[in-house]
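The values are calculated or read from the model by the stated rules, or taken from the named source; none is laboratory data. What you see is a predicted model; the values in this text were computed from it and never measured. Cβ: placed from backbone, ideal geometry, glycine included. Neighbour counts: every protein chain shown.
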Amino acid sequence: MKASAISSVFAPLQEKGRAALIPYVTAGHPVGDSTSTVLHALADSGADLIELGVPFSDPLADGPTIQDSSFSSLQNGTKVEDVLAELSIFRAERTTPVVLFTYLNPVLRYGLEDFLSDATECGASGLLLTDLPVGADCEVERTIAESPLDFIRLVAPTTRAERVPEIAENSSGFLYYISRAGVTGARSQLRESLGDEVAELRSQVGLPVVVGFGISTPEQAREVGCASDGVVIGSALVRIMEESGVEAGARFVARLRAALD
Amino acid sequence: MTKITQIQSDRFGSFGGRYVPETLIGALDEVAIAYAEASCDESFQDELKRLNASFVGRPTPLYHAERLGEAAGNRDVWLKREDLNHTGAHKINNTIGQALLAGRMGKRRIIAETGAGQHGVATATACALFDLECVVYMGEEDVKRQALNVYRMQLLGAEVRPVSSGTRTLKDATNEAIRDWVTNVDSTHYIIGSVVGPDPFPRMVRDFQSIIGREAREQFLECLGRLPASVVACVGGGSNAIGMFHPFVCDEYVELVGVEAGGSGIESGRHSASLAAGTPGVLHGSLSYLLQDSDGQVLPAHSVSAGLDYPGVGPEHSHLKDMGRVRYTFATDEQALEAFHKLSELEGIIPALETAHAIAYVLEYGASVNGPILVCLSGRGDKDVSHVAEIESRGSFL
């Protein structure tokens, strides 16, 4: 395992027995606020790690909230290089690790090796590509794994048991468990078997296991946090920022953090 | 890094693959295995054959279009009449096959995306036949352009869900269908309508559509005692074209020509010619030529025909292009509309606007082909009549 900024977040938290709080925001959203300002607000409110979405025109793993945020960000002219520039502004002042969350095509078009080196230089700590499952493209996967970035991979409830060890072996930083079959988006209820599934996964792999997709309230965050090493809050936060602004989003993150502490 | 086993998937050269959310990997494996088993199961093949004959109306005729040939300056223009299939297009070749497969896998719910509505109608028809639940995703823009097909699908018992995200056309309907599949993967089979998407779809849809080329090749040999000099088909996602081309790929003296939608012209930027003007990229689960900007964002496609209005293309076409085996060209909206009229007037056949692109090519270049031409008449144009009438009364394509 790489001795990365991401793994150094999890080690002390695991000792304390607290799950990491991982808010997701789409870069360039809300329109009118600079992404570095948003990242600052999240770090100030208690985020342990941040997932930063690089918008893509065809986000087929995302539900309506993140689709809309990506669409409005792109409409406003957000480019991949703008996202990296904002990240480097944030990184100049803060150490909170940032995972870039996106789709393969913008990365390929930017140039895979250029993207990896520019993202590293601008202060990214990890990369998550929703449409690049383990084994989909060995050459691309090898190049990413050899970069300084942690390579975050997903495990779904539909992933067959025999595939899990291979996914874990080819991941670094943490493993992202999808809470349910489906796209991103807030849900009022979590599945009952989620806790057992996460416990099973944690017993199998030597990486922190983070849970995301559908977690939308402090109560859900606490519940999932008890069973996992980290909790991702995406659509619920994006929606609050869209409707009530960045400060309201920051207050929501602080409440989530209080629920986990 | 430790070893990675490449996911078992067929590629076409470097194109194709399975670039999908992890949630779908199990389902794609399941489809691939079920399809492999069905391919060598005689009872499955017999059932498909029986339905193709008694329900779809196959084999479709090969028709000598003499007056069209005269206008094109080539007396040997032959049309493979896929428009005479039940539901009026080649799409049903694929949906019957996949619906049979869904039954084999025990999936009772079917989803599909549709552009012009032809694939949606063909899917709804297969679902009515096999008593399956059917949900069709269709861009809002296309729901407007193809109102008649929307009603047809509803009549057949399908639910049509208009898609209002993105560009509100086929690309976004496909995104939404994939999102539905990710969410309901246990109960649902996704009948993709073209040779696009993640493996095994491009090769499975190609196999179901290859009946077009197999029949046509045999009919050609029977009628003319030779193979065509040139085979022409329109290309959006490219399923009728692959179905027609595939059985001819090894006939090295047969020229294969794919005609994309040139829209308002390539230089205008308003077109759907992914092979002529695109670059390789990943959309909807596979690597293929794609209309995209310098930042990797997918560009909106344009065509007067909803069925070709797609910024990607099947990965096998990308491979055939790079190999140089198929020559890809394009016809503009204007040329397609002219061909739509010409074929109607000359042969008493109203072609689909998609198909009219292939006819436009024949009208322009038929004289330069030294030998008989085989054209895939992929669908009938009844669905387009009111749309064309409206365009012509407005006097503009916009």
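Restricting to region B:148-170, name every residue that is in contact (Cβ under 8 Å) with a residue 60 or more places away in the chain and closer than 19 Å to B:Ala122 by Cα.
B:Leu148, B:Asn149, B:Thr169, B:Leu170
When region A:1-26 is examined, which residues are found to be in a helix (DSSP H, G or I) and among the hydrophobic types (A, V, I, L, M, F, W, C)?
A:Ala5, A:Ile6, A:Val9, A:Phe10, A:Ala11, A:Leu13
Go through (1) touching a residue at least 24 places away in the same chain (Cβ under 8 Å); (2) buried (at least 24 other Cβ atoms within 10 Å of the Cβ); (3) touching a Ser or Thr at 6+ places or on another chain (Cβ under 6 Å); (4) within 14 Å of chain A (Cβ to nearest Cβ) for B:Ser318 and report which single condition fails.
Every condition holds for B:Ser318 apart from (4).
Is there any pair linking a residue in region B:22-37 that is within 18 Å of B:Ser187 (Cβ to Cβ) to one that is of a type in the set (Gly, Ala, Ser), with Cβ under 7 Å and at least six apart or on different chains, and which?
Short answer, once both residue conditions are applied: B:Thr23/A:Ala156; B:Thr23/A:Ala181.
Select from region A:46-62 the residues that are of a type in the set (A, V, I, L, M) and not in a loop (DSSP other than H, G, I, E, B) and write down the one among them that is farthest from the other protein chains (Cβ to nearest Cβ).
The selected residue is A:Ile50.
Consider region A:150-164. How many of its residues are at the interface with chain B (Cβ under 8 Å from one of its Cβ atoms) and over 14 Å from A:Glu197 (Cβ atoms)?
2
Taking region B:262-296 on its own, how many of its residues are over 18 Å from the mean Cα position of the chain (by Cα), on the phi > 0 side of the Ramachandran plot and within 14 Å of chain A (Cβ to nearest Cβ)?
The total comes to 1.
Select from region B:205-229 the residues that are outside any helix (DSSP H, G or I) and in contact with an Asp or Glu (Cβ under 9 Å, 6 or more places away or on another chain) and list them in ascending order.
Passing the criteria: B:Leu227, B:Pro228, B:Ala229.
Which residues, counting only those in region B:136-187, are over 14 Å from B:Gly115 (Cα atoms), away from chain A (no Cβ under 14 Å) and crowded, with 22+ Cβ neighbours inside 10 Å?
Listed by number, the list holds a single entry, B:Ala158.
Please indicate, with yes or no, whether at least one residue in region B:337-344 is under 16 Å from the mean Cα position of the chain (by Cα), touching a residue at least 40 places away in the same chain (Cβ under 8 Å) and farther than 30 Å from B:Glu222 by Cα.
No, the conditions are met nowhere in region B:337-344.
For the condition in contact with a helix residue (DSSP H, G or I) (Cβ under 9 Å, 6 or more places away or on another chain), free of Cβ contacts under 8 Å to residues at least 60 places away in the same chain, over 28 Å from A:Phe71 (Cβ atoms) and surrounded by 21 or more Cβ atoms within 10 Å (Cβ to Cβ), what is the one hit in A:Val98, A:Val134, A:Val107? Walk me through it before giving the result.
Details: A:Val98 fails: over 28 Å from A:Phe71 (Cβ atoms); A:Val107 fails: over 28 Å from A:Phe71 (Cβ atoms).
It is A:Val134.
A:His29 versus (1) farther than 23 Å from A:Gly182 by Cβ; (2) in a loop (DSSP other than H, G, I, E, B): which is the lone unmet condition?
Exception for A:His29: condition (1).
Looking only at region A:51-73, how many residues end up being crowded, with 24+ Cβ neighbours inside 10 Å and β-branched (Val, Ile, Thr)?
Of the residues in that region, 2 qualify.
In this structure, is B:Ile359 at pLDDT 95 or above and buried (at least 24 other Cβ atoms within 10 Å of the Cβ)? Walk me through it before giving the result.
On the way: at pLDDT 95 or above: yes; buried (at least 24 other Cβ atoms within 10 Å of the Cβ): yes.
Here the answer is yes, as B:Ile359 does meet what is asked.
Hey, any hits in region B:84-94 for a residue that's in a strand (DSSP E or B), away from chain A (no Cβ under 14 Å) and either in contact with a Ser or Thr (Cβ under 6 Å, 6 or more places away or on another chain) or surrounded by 17 or more Cβ atoms within 10 Å (Cβ to Cβ) (or both)?
Taking every residue of region B:84-94 in turn, at least one turns out to be in a strand (DSSP E or B), away from chain A (no Cβ under 14 Å) and either in contact with a Ser or Thr (Cβ under 6 Å, 6 or more places away or on another chain) or surrounded by 17 or more Cβ atoms within 10 Å (Cβ to Cβ) (or both).
Residues checked against (1) farther than 18 Å from B:Arg81 by Cα; (2) touching a Pro at 6+ places or on another chain (Cβ under 9 Å); (3) surrounded by fewer than 16 Cβ atoms within 10 Å (Cβ to Cβ):
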residue	(1), (2), (3)
B:Glu215	no, yes, no
B:Cys223	no, no, yes
B:Gly243	no, no, no
B:Phe248	no, yes, no
B:Glu260	yes, no, no
B:Glu267	yes, no, yes
B:Ser274	yes, yes, no
B:Ala277	yes, no, no
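If the requirement is being surrounded by fewer than 23 Cβ atoms within 10 Å (Cβ to Cβ) and of a type in the set (Phe, Trp, Tyr), which of these qualifies: A:Phe174, A:Phe252, A:Phe213?
None of the others qualify; the one that does is A:Phe252.
What single numbered condition from (1) within 14 Å of chain A (Cβ to nearest Cβ); (2) touching a Phe, Trp or Tyr at 6+ places or on another chain (Cβ under 7 Å); (3) crowded, with 24+ Cβ neighbours inside 10 Å fails to hold for B:Gly115?
(1)
Only one of B:Arg50, B:Arg58 is among the basic types (Lys, Arg) and either part of a strand (DSSP E or B) or without any contact (Cβ under 8 Å) to a residue 24 or more places away in the chain (or both); which?
Of B:Arg50, B:Arg58, the one residue that is among the basic types (Lys, Arg) and either part of a strand (DSSP E or B) or without any contact (Cβ under 8 Å) to a residue 24 or more places away in the chain (or both) is B:Arg50.
Report yes if some residue within region B:277-287 is in contact with a His (Cβ under 9 Å, 6 or more places away or on another chain) and under 23 Å from B:Trp181 (Cβ atoms); otherwise report no.
Filtering region B:277-287 for residues in contact with a His (Cβ under 9 Å, 6 or more places away or on another chain) gives B:277.
Filter once more, so that each one left must be under 23 Å from B:Trp181 (Cβ atoms): none.
Within region B:277-287, none of the residues are in contact with a His (Cβ under 9 Å, 6 or more places away or on another chain) and under 23 Å from B:Trp181 (Cβ atoms).
Checking the condition within 12 Å of chain B (Cβ to nearest Cβ) and either at pLDDT 95 or above or surrounded by fewer than 20 Cβ atoms within 10 Å (Cβ to Cβ) (or both), which residue from A:Glu200, A:Glu141 passes?
A:Glu141
Take B:Pro300 and tell me if it is closer than 13 Å to B:Gly238 by Cα and within 14 Å of chain A (Cβ to nearest Cβ).
No: the conditions fail for B:Pro300.
Just give me the residues in region B:293-313 being modelled with pLDDT of 95 or more and either within 18 Å of B:Phe340 (Cα to Cα) or not small (Gly, Ala, Ser) (or both), in sequence order.
Across region B:293-313, the qualifying residues are B:Asp293, B:Asp295, B:Gln297, B:Val298, B:Leu299, B:Pro311, B:Val313.
If you go through region B:9-22 one residue at a time, do you hit one that is modelled with pLDDT under 95, assigned to a loop (DSSP other than H, G, I, E, B), among the aliphatic types (A, V, I, L, M) and within 23 Å of B:Thr183 (Cβ to Cβ)?
Within region B:9-22, none of the residues are modelled with pLDDT under 95, assigned to a loop (DSSP other than H, G, I, E, B), among the aliphatic types (A, V, I, L, M) and within 23 Å of B:Thr183 (Cβ to Cβ).
Any chance you could count how many residues in region A:73-107 are of a type in the set (S, T, N, Q), in a helix (DSSP H, G or I) and away from chain B (no Cβ under 12 Å)?
Here the count works out to 1.
So, B:Gly197, is that one outside any strand (DSSP E or B), of a type outside the set (A, V, I, L, M, F, W, C) and within 14 Å of chain A (Cβ to nearest Cβ) or not?
Criteria met by B:Gly197.
Residues in region A:74-96: is at least one more than 25 Å from A:Ile6 (Cα to Cα), at pLDDT 95 or above and hydrophobic (A, V, I, L, M, F, W, C)?
The answer is yes; a qualifying residue exists.
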